[in-house]
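First comes the structure, then the notes that go with it.
We did not get these values from a lab; they are worked out from the coordinates using the rules stated. None of the values given here were measured: they were computed from a predicted structure. Positions of Cβ are generated from backbone atoms using ideal geometry, with glycine treated the same way; all protein chains shown enter the neighbour counts.
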Amino acid sequence: MTMHAIGSIESKTWDFQAWDEIEGARLCRMTATDLFHGDIEGEARGEFAALLREDGSSSFAGLYVVRGGVGRRQGSFVLRATGSSGTDGMSCGEWSVIEGSATDELVGLYGTGEFVYLAGQRSSLTLDYDFTPAGD
């Protein structure tokens, strides 16, 4: 039975390092540490590649390692995330649990969800998830 997790994102650190440029934009490596609150509770550490445009908008893709809990289960798992932000700084995107990445009580976790984030103002996360039966 698919479950629906909701929560919020608290940004702790974001570091940007440019590694190339094209006309009107630069390519950056982003390293992040966020805290997830709600039905997913824990620390999320991420590495992303991003295209940062001169107008302030961006596109990004990367991985988060989440250590904590989903519902009543504890462990860790990896999220593959892609998204974009507009000139207003609001980021939104989609993510999915990478198959086989979950540990401990979260083994077998799979699912997809979305996130919206505006620094210091509002954020939300969702994950529709389930667990593969033992032995699959």
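Each of CYS92, CYS28 was scored by other Cβ atoms within 10 Å of its Cβ. Listed from fewest to most, they are CYS92, CYS28.
Once Rh for the stretch 17-67 is found with the Kirkwood sum over Cα pairs, what is the Stokes-Einstein diffusion coefficient at 10 °C and 1.306 mPa s, in µm²/s?
On the way: Rh = 12.1 Å.
It diffuses with D of about 132 µm²/s by this estimate.
Taking all Cα pairs closer than 8 Å and separated by 6 or more residues, the relative contact order of the chain comes to 20 percent.
Given the Cα atoms of the stretch 3-129, and with Rh set as the inverse mean 1/r over their pairs in the Kirkwood sense, what is Rg to Rh to two decimals? Mind dumping the intermediate values first?
Numbers: Rg = 14.7 Å, Rh = 14.8 Å.
In the stretch 3-129, Rg relative to Rh is 0.99.
Pairs of alpha carbons in the stretch 90-136 separated by more than 16 Å make up 48% of all such pairs. When only the Cβ of Lys, Arg, Asp and Glu is charged (+1, +1, -1, -1), the dipole of the stretch 1-120 relative to its Cα centre reaches about 300 debye.
Backbone geometry of the stretch 70-76 corresponds, through the Karplus equation with coefficients 6.51, -1.76 and 1.60 at θ = phi - 60°, to 3J(HN,Hα) couplings of 10, x, 9, 9, 10, x, 9 Hz, x marking Gly and Pro.
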